[in-house]
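Participant: My questions will all concern the structure given below.
The values are calculated or read from the model by the stated rules, or taken from the named source; none is laboratory data. Source: prediction; values computed, not measured. FYI the Cβ positions are ideal-geometry reconstructions off the backbone, even for glycines, and counts take in every protein chain you see.
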Amino acid sequence: MKISVIGCGYLGTVHAACMTELGHNVVGIDVDPEKIALLAPGTPPFYEPGLPEMLSRAMTTGRLRFSTEISNVRGSDVHFVAVGTPQLAGSDAADVSFVMAAVASLLPYLAPGNLVVGKSTVPVGTAGQLADIVTAHGSGATLAWNPEFLREGFAVKDTLAPDRLVYGLEESDGRGAAMLDAVYARAIAIGTPKVVTNFATAELVKVAANAFLATKISFINAMAEVAEATGADVTQLADAIGHDVRIGRRFLNAGLGFGGGCLPKDIRGFMARAKELGVDQALTFLAEVDQINNRRRERMVDLAREVVGGSLLGKRIAVLGLAFKPDSDDVRDSPALDVALRLVESGATVIATDPQAVATARRRYPDMTYVATPNEAAKDADAVLLLTEWHEYRELDPLAFGELVGTKAILDGRNCLDPVAWRSAGWTYRALGRP
């Protein structure tokens, strides 16, 4: 099929490359010329495992191109809208202006039988408004909503082999469903579950899923607070309750909590939209979910203060990890970067490192000190904070690493190290929710 993807940020770039991998002819459109200049020869503007290789393959086929000119969408059968919906300044609500602008820019180039497909995360009700706009234009095109469920670090896999497909369609739009089936023919052929529903349900699926995951993460972090007060071990607690098939062990890892460009803004936007709809009481629990998540960051700073003797002023602190999760260079609402900045505000000298996110962190906060490796960060440190659970940090040798620091004190912000091994090597080991 001939496909256009409007918006070449994280979602759009991955989607465009994967659509080419599936055999389609794709043009990616973005208003940012610097981004397109990187993408045109096949260089992704962010880190995502497997994406550079996929882009390289796509470019050699001649079936993928990128442009700033919206007119290049002409002739495409399916138009995916994958622009961002950031949190509005001064509000918890999502800013849908970019989505509205993207659809408006498409209108002059739509032809009968075309399908406009929303992938952006939007407040419930947005798809209906956009469907009216597309219909009113009179081109004969229709609109569908097809939410994305990408995990950073696994986005390529999640696009090519999703765990489910959701189509939000108007009741009579059998052609739209057939066109999406053609787009995702490979996933459907291997038995991927498919839910065909209305616009509102499709919009709610994404935010409801994110709200549930955020709640599960904050639940175990709330248990970590109780564990710290009682001497219990939250990791063993999670193991025990995780054996219950009704609960499961995934997303029960206590630590610094969630961050990134999706979960925090999505649950806040969900609450804001519920208030507009007059059902805000249904989601009041999400406010506590958000607060628990943020409390973990402050608790990590408090723990660092304890370990270095009561004051962070003038202390040299090594920070391992800046991205909000491993296998990503994304520092948006990153708990790791937030803790590092709070340490600086408390008077500490922070030496920070990350395998991929140093450049993205430096662009946002150029005044902090960044180094390339954990060994450089740890030199003469009064304490080491592991804040993003990269594989190379989990595999550090506590004996060899201990020869670099000034004081053998490590704070495991992700509960990903072996306390016995580190304590046996002479380290003071502390972690959130563990004795």
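Participant: For the stretch 370-398, what are the residues that are touching a Phe, Trp or Tyr at 6+ places or on another chain (Cβ under 6 Å) and aliphatic (A, V, I, L, M)? Quick ask: steps written out before the conclusion?
Facilitator: Step one: of the stretch 370-398, the residues touching a Phe, Trp or Tyr at 6+ places or on another chain (Cβ under 6 Å) are 386, 398.
Within the stretch 370-398, just Leu386 meets the criteria.
Participant: State whether the residues of the stretch 201-212 include one that is of a type in the set (Asp, Glu), in contact (Cβ under 8 Å) with a residue 60 or more places away in the chain and in contact with a helix residue (DSSP H, G or I) (Cβ under 8 Å, 6 or more places away or on another chain).
Facilitator: Here is the first cut: in the stretch 201-212, the ones of a type in the set (Asp, Glu) are 203.
Subsequent filtering for residues that are in contact (Cβ under 8 Å) with a residue 60 or more places away in the chain retains 203.
Next cut, in contact with a helix residue (DSSP H, G or I) (Cβ under 8 Å, 6 or more places away or on another chain) only: 203.
Looking for residues that are of a type in the set (Asp, Glu), in contact (Cβ under 8 Å) with a residue 60 or more places away in the chain and in contact with a helix residue (DSSP H, G or I) (Cβ under 8 Å, 6 or more places away or on another chain), one finds at least one in the stretch 201-212, hence yes.
Participant: Also: Sort out which residues of the stretch 93-116 are crowded, with 18+ Cβ neighbours inside 10 Å, out of contact with any Pro (no Cβ under 8 Å at 6 or more places or on another chain) and not in a helix (DSSP H, G or I), and write them in order of number.
Facilitator: Correct list: Leu110, Asn114, Leu115, Val116.
Participant: Could you check, for the stretch 86-94, whether at least one of its residues is in contact (Cβ under 8 Å) with a residue 12 or more places away in the chain, of a type outside the set (Asp, Glu) and under 20 Å from Thr201 (Cα atoms)?
Facilitator: Within the stretch 86-94, one or more residues are in contact (Cβ under 8 Å) with a residue 12 or more places away in the chain, of a type outside the set (Asp, Glu) and under 20 Å from Thr201 (Cα atoms).
Participant: Restricting to the stretch 275-317, name every residue that is aliphatic (A, V, I, L, M) and touching a Leu at 6+ places or on another chain (Cβ under 7 Å). Reasoning before the result, please.
Facilitator: The first filter runs over the stretch 275-317 and keeps only residues aliphatic (A, V, I, L, M), leaving 277, 279, 282-283, 286-287, 289, 292, 300-301, 303-304, 307-308, 312-313, 317.
Passing the criteria: Met300, Val301, Leu303, Ala304, Val307, Leu312, Ile317.
Participant: Check whether at least one residue in the stretch 287-299 is part of a loop (DSSP other than H, G, I, E, B), at pLDDT 95 or above and closer than 29 Å to Leu88 by Cβ, and report yes or no. Walk me through it before giving the result.
Facilitator: Filtering the stretch 287-299 down to residues part of a loop (DSSP other than H, G, I, E, B) leaves none.
Within the stretch 287-299, none of the residues are part of a loop (DSSP other than H, G, I, E, B), at pLDDT 95 or above and closer than 29 Å to Leu88 by Cβ.
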